[in-house]
Amino acid sequence: MPPDSVPASRDQLQRRGLMFILSSPSGAGKTTVARSLLENDSDIRLSVSVTTRQPRPGEVDGRDYHFVTEAAFRRMVDDGELLEWAEVFGHLYGTPKAQIKAGLKAGQDFLFDIDWQGTQQLYQRMEVDVVRVFLLPPSIAALEERLRSRGSDSEDVVQYRMARARSEISHWDGYDYVVVNDDFDRCFAAVHGILKAERLRRARQTGLVDFVRGLMG
């Protein structure tokens, strides 16, 4: 069996989990990269956000999102139950605190598909556990072409998304890693490589001290 096919958890020292953030402007491939990470790496799972928007066809409450009313969402904010929250395209999105903190302690990695506002909040509150990755399109023209190829948005919506994309891109320097998505396979390999390297940081290896002591006899 090739080394890369061995499950990461088999020979892994005890470690603390991490919060792996993927951000990008709409149309830059973030969702596709995130889906591939989840399909190809069994040690990371999607952080399920709370949102006030309505479910889309095929979405399941508790699996894709926790769908709540705006009043319920505001109560969660007031009660300090969210690690971060933001308004995106007129809807509220947030990250439940309890499930993330318990998972990190148990060594679970979480994938976050959030924008720069949520990233800032998570980093301010959970700095040592956060890894921030920003995906850039190869060009603005390529980004606009991707948005138009969806064929589901009006011209006004496309222009709004393009304006928002430029705003999102302006926050690239608030991330630990920046990857240009000009080729999916190359982009995915880079992102997955970042994830695997971050798992090996000494500070995350909670079982390392005892392991080394055992080696020293």
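The values are calculated or read from the model by the stated rules, or taken from the named source; none is laboratory data. Keep in mind the model is a prediction, meaning the values are calculated, not measured. Neighbour counts are summed over all protein chains in view; Cβ atoms, including those assigned to glycine, are modelled from backbone coordinates with ideal geometry.
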* Scan of region 87-115 for residues that are surrounded by fewer than 18 Cβ atoms within 10 Å (Cβ to Cβ) and among the hydrophobic types (A, V, I, L, M, F, W, C), ordered by number -> V88, F89, A98, A102, A106
* Looking at R148, is it surrounded by 12 or more Cβ atoms within 10 Å (Cβ to Cβ), among the basic types (K, R) and more than 18 Å from T32 (Cα to Cα)? -> no
* Structure fact -> Restricted to region 200-214 and to residues being part of a helix (DSSP H, G or I) and in contact (Cβ under 8 Å) with a residue 12 or more places away in the chain, the residue nearest to E39 (Cα to Cα) is R204
* **One residue from L13, L37, L22 being among the aliphatic types (A, V, I, L, M) and modelled with pLDDT under 95** => L13
* Asked: Any chance region 27-36 includes a residue that's in contact (Cβ under 8 Å) with a residue 40 or more places away in the chain, polar (S, T, N, Q) and crowded, with 18+ Cβ neighbours inside 10 Å?
  -> no
* Considering every residue within region 59-79, establish whether at least one is among the aromatic types (F, W, Y), surrounded by 14 or more Cβ atoms within 10 Å (Cβ to Cβ), within 23 Å of T206 (Cα to Cα) and modelled with pLDDT of 95 or more. => no
* Asked: List, please: which pairs have Cβ atoms under 9 Å, are six or more places apart or on different chains, and start with a residue in region 184-199 that is on the phi < 0 side of the Ramachandran plot and at pLDDT below 95 and end with one that is in a helix (DSSP H, G or I) and small (G, A, S)?
  -> none
* Restricted to region 116-131, and to residues that are buried (at least 20 other Cβ atoms within 10 Å of the Cβ) and of a type in the set (V, I, T), which residue is nearest to L13 (Cα to Cα)? -> V131
* **First in region 96-112 and touching a residue at least 60 places away in the same chain (Cβ under 8 Å) and farther than 19 Å from W85 by Cβ, second anywhere and surrounded by fewer than 16 Cβ atoms within 10 Å (Cβ to Cβ) and β-branched (V, I, T), Cβ under 9 Å, 6 or more apart** => G107/T206
